[in-house]
Amino acid sequence: MKLAVKRIAAVQGASSPLIQNTLYAFAQQLRDQGLRVAGVVEISRCAEEGRCKSLSVRDLSSGETYSISQKLGGGSEACNLDPNGLALACGMIEEAIAQGVDVVVLSKFGKLEAARSGLCDAFRAAMMADIPVITAVPPPLAEDWDRFAGELSEFVDAHVNALSAWWHNQSASFEGCERPN
């Protein structure tokens, strides 16, 4: 009897830029193995004080970069995350899922996703299609993540080797079976 495999890797244990680099490197590794990878990783150009004024995502299918920041004016202290940019990215990911992919990489489960916005529909589309998902979950959002993904998810260290071990378990769960898609 096979053990139930957690279909979502929730990466933690490093800074956001390091996690995003790890997600990108692992996605490239999977692509090099001939797998169809969809999703986005975050690219930030954060100021020294840690305030991000320029966020983008890189589409892992096309390689294109899309801004997810909006200009709010010089004195603004509000979050500059552009929900429209995320909605565009989400739609592209959902389309890729509908066309058939082997794995989905989603930059992170952030505040918008916790509020059931942002990339939330891309998470749902992958989950409904039973496609493995790799994402980052900031520790402050772990409870929200647990309510969202529950038993489908396991936390994985922010290292390519840890993701490789998780992926090996995904692959082993389909040995001798036709992969759904």
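The values are calculated or read from the model by the stated rules, or taken from the named source; none is laboratory data. As the structure is a prediction and not an experimental result, all values here were calculated from the model. Because the Cβ atoms are built from the backbone with ideal geometry, glycine has one as well, and the counts that use them run over all protein chains shown. Ligands, DNA and RNA are excluded from the accessible area calculation, which covers all protein heavy atoms including side chains. Shrake-Rupley method; radii C 1.70, N 1.55, O 1.52, S 1.80 Å.
Taking the Cα centre of region 111-168 as origin and assigning +1 to Lys and Arg Cβ atoms and -1 to Asp and Glu Cβ atoms, the resulting dipole is close to 180 debye. With the whole protein complex present, Thr65 retains an accessible surface near 70 Å², based on a 1.4 Å probe. Inter-label distance, Asp130 to Ala14: 3.2 nm, where each label sits 7 Å from its Cα along the C-beta direction. Once backbone amide H atoms are built at 1.01 Å from N, Ala136 has Val11, Lys108, Phe109 as its partners under 5 Å, excluding neighbours fewer than 5 places away on the same chain.
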